[in-house]
Every structure is written in structure tokens, then in C-alpha cells.
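Written below as C-alpha cells is the structure these notes are about.
Here, each number is a calculation from the coordinates, and none is a lab measurement. Here the structure is a predicted model, which means the values were calculated and not measured. Virtual Cβ from ideal backbone geometry, glycine too; neighbours counted across all protein chains shown.
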Amino acid sequence: MKGPLDGIRVLDLTHYAVGPWSASLLGMMGADVIKIEPPEGDHLSKSPPPYKLGFATSYMASNVSKRCAILDLRDEKARQAVYTLLKTCDILVENHRPGYLERRGMDYETVSKINPRIVYCSCSGYGSQGPWRDMGSTDGYGSASSGFASVSGPVGGPPEGMKGGSHIDLNASVYIASGVLAALYYRELTGKGQKVETSQMQTSMALAGPRAQEYFVSGENPLPMGTGVANLVPSRAYLASDGKYINITAPDNDAWRALCEALGLGQLASDPRFASNAQRVANRHELDRLIEQAIQQKPAAEWMGMLVSRKVPCGINYSYNELRMDPQVRQLRMLEQVLTPWGEIRVAGLPWRFSKTPGEVRPTRKPGQDTQEILDLVGFSHLTR
């Protein structure tokens, strides 16, 4: 199915998770994404388990909706083939350390001379300037260096990022895609390409939100609060009778009164200790204790029904096994099953719905599977050293 980026071609020179997923997002929107890997492969293909037929499933999930070629950019003939391909491209995406692609003749200055209309996006760990420019990064370091990890984790515990969630990686991918689309729109207006830069650290700091504001307003470093938040009570996870956690928030007094009614604690709605959010924050521990006692009397699903009917914001904390069966996930096709060279896997579905240009998730290709097709595309029947 055609997507809104049908007719746009992307040269994907990425590795690990940040860059590959950003290019996949463009591919899901209909762009023709051509991923070029070195002979030694993308590092993500050698990542820790899980594996399918000996190949990392994280690579499969991060590289949907693209064609895959293996070309050694250190080789002059291969580089000339890519230069020819670049004349047909609209976007180039890369997430290497500064200098890596310059040494291979694929830096912005070189590429923009070949194709002045190119939108060239770079995303390194810490940006192309400053004392940390040459340092590499991964999701955990991005969380730590930007302060994100300092406010995450259990109360009184050590700082921690969203372990296993690749929160910073995947948000950096979204920043890459959004930056590229903005530059593409500018090119539509002016005919001029440009370079777009972002980094894991910039991404993480852009996500800092209200926890950072706590510091900038008060001058005091905010601390981890588990599932709770500093400026709103109640707003956290509570344990129900069936061992499942349910997140409940009362963002205003109407929701607070509705919550009290659902919990059978109508007297709390008129209790002066909890009359406003500021007072509920001041008396957090006592209020959380009372709500916890009530929530432990019924299973999470029963509470969900009672709270949703009263328009109290809430949600059950799902495991992945529960999530895949949820009717909402199925209705919106949030998970897709695709056939890869290694067998079927489940991957994230399209995170948008376009009424006229729906786009699609196309299966992951094997590294180098489309090398000859790409060479034929630019008139290079084969490469020899």
C-alpha cells in the first residue's frame, strides 16, 4: 500500500537501533529505503539474544520496510556506485560518530555537492560539537548523561533508565524522522536541501519535561519517585487483589470526587486534608495508604470498569503476553506479524493512521539480499577491487 512518502528515496547508512528504526519509520510511510551495510555487518545483527535461527531479532524488528545491500564504502568502486545512487536520493540518514563517514567520503559537504537537494540527517551520541563529540553512546548512557535516569527508579533507589525499553534510542529515531520531514517540507518550498543534526543527549533532554522544571523553579534536584509524580496526587500504580497493578490519576477535583465515589470512600472528597491537589500532595503518604487499602479489595479489571465509567484516568499495567491479546491493540494493528528470511516475527505496527495513504510494514530483508538489485539500479553490474 502506498504511503505519504511514496516516491521519496532514503539512503540508510545507519547501525545499531537509533538510525535503523528512524529509516524504518520513513519506510513504513512509503519511502524507498535502501540500507547499506559494511561487509562486517550492522552491529545490531550481533546484539545479545533473543535470536531466531541464530540471528538477532532486534535487528529484524528495527529494519522493516527497506531494501538491504552490502557495500564497503572504503572501496573506491563501491563508493562510486553509492555516489551515483545518491543522485536519485532525497534523504540520507546516519548515526555514526563524527568523522566516521567523512573518512569514507560520505560526509555532508561531499554528498551535498553530488546532490544539493539532499536532506542529510546525522544523529550521534552527543552531537558534532563540544568536548564529548567523539564519544559513543547507547540508550543507557543517553539516559544517564542527560539526567533522565536520576529521576527514574524506586523511591530511595539508585538512578536507572527504562531498562530494556530503549526509550532514548527510539525517541531519538522519532526526532530524526520529524527533523527530516521538516527539512523535506522546506525543500519543497525552496528547492534547497540541508543538514539536520540531533543526538541521543539532545533527545533525552528534550524529554525531560516537568521533572526538569522542578529543578529550574526550585533549585533542588528532583529524586526518583517510583510510579508516582511530584506535582499530582493521586497519580501512581496501586496493587489490586489479583496481583495486577493499576495506574490511577486524578488530574482535577472532578476526577478526584469520581475516584472517591468509585472506591467507596466518599468521605475523602470532603476531607479538608485532600480538598485540593496541593493539599493532596502535602498529605501524599496518608492518601496513598487509604487508596491502596481500597484497591486491594478487588481485581484490577473490576476497578477498570468502575473507573472508566466515571471517567477517571486509569490503566492496567500489562505484560507483553497480555498486551498482544488486547482487543484495542488488535483493532489498531499495533502489532504486525511479518515473514522474514528467519521465519515469522512480531514487530510494532504503524504508529499513525493515514486516511488516503495508509503505508505498511514490509518484512525485514536479509543483510545484502538486495545488493545486486541496487547495483543494477545505478548501472554497476558488479564490483571488483
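Computed from Cα atoms, the angle from the helix 167-190 axis to the main principal axis of the chain rounds to 60 degrees. Relative to the longest principal axis of the Cα atoms of the chain, the long axis of helix 284-295 makes an angle of roughly 90 degrees. Annotation: amide H of Gln194 within the under-5 Å range of Val119, Tyr120, sequence separation 5 or more or interchain, hydrogens built in the peptide plane. The phi torsions of region 311-323, fed into the Karplus equation with coefficients 6.51, -1.76 and 1.60 and a -60° offset, translate into couplings of 6, 8, x, 7, x, 7, 7, 7, 8, 5, 5, 6, 4 Hz, rounded to whole numbers, with Gly and Pro shown as x. To the nearest 10 degrees, how steep is helix 76-86 against the longest Cα principal axis of the chain, on a 0 to 90 scale? Roughly 60 degrees between the two axes. Taking 0.36 nm per residue of sequence separation and removing the Cα-Cα distance, the Ser381/Ala301 pair yields an extension gain of 22.7 nm.
Each label point was placed 7 Å from the Cα along the Cα-to-Cβ direction; for Ser241 and Arg324 their separation is 3.1 nm.
Between Gly359 and Lys2, Gly3, the built amide H atoms are under 5 Å apart, and every one of these is 5 or more places off in sequence or on another chain. Summarising the amide proton neighbourhood of His96: residues at separation of 5 or more, or on other chains, whose placed amide H is nearer than 5 Å comprise Cys123.
For region 32-49, 3J(HN,Hα) computed residue by residue from phi via the Karplus equation (6.51, -1.76, 1.60; θ = phi - 60°) reads 8, 9, 10, 8, 10, 10, x, x, 7, x, 6, 4, 5, 5, 10, 6, x, x Hz, glycine and proline entered as x.
Using a simple spin-label model with pseudo-atoms 7 Å out from Cα toward Cβ, Thr110 and Lys366 lie 3.0 nm apart. Potential lengthening of the chain between Glu286 and Asp75 amounts to 69.2 nm, from the contour at 0.36 nm per residue minus the alpha-carbon distance. Check cross-link reach from Lys46 to the aspartates and glutamates: straight Cα distance under 12 Å, and skip same-chain residues fewer than eight apart. Of all the aspartates and glutamates, none pass the test against Lys46 - Cα under 12 Å, at least 8 places apart if same chain.
Under 23 Å of direct C-alpha separation, and excluding same-chain neighbours fewer than eight residues apart, Lys356 reaches these lysines: Lys2, Lys66.
Using the structure shown, select from Lys35/Lys87; Lys113/Lys192; Lys87/Lys366; Lys244/Lys298 the pairs with a Cα to Cα distance greater than 19 angstrom. Pairs exceeding the cut-off: Lys87/Lys366. From the alpha carbon centroid of region 232-295 to that of region 129-187 is 33 Å.
Taking chymotrypsin sites (Phe, Trp or Tyr not before Pro) as candidate sites, keep only those in a DSSP loop with at most 15 other Cβ atoms within 10 Å, then name the longest stretch of the chain containing none of them. The answer is 133-317. Have a look at the DSSP beta bridges in the chain and tell me what percent are antiparallel, nearest 5. Of those bridges, close to 45 percent are antiparallel. The loop-placed GluC sites (Glu not before Pro) in region 217-316, going by DSSP, that have at most 10 neighbouring Cβ atoms within 10 Å of their Cβ come out as Glu220.
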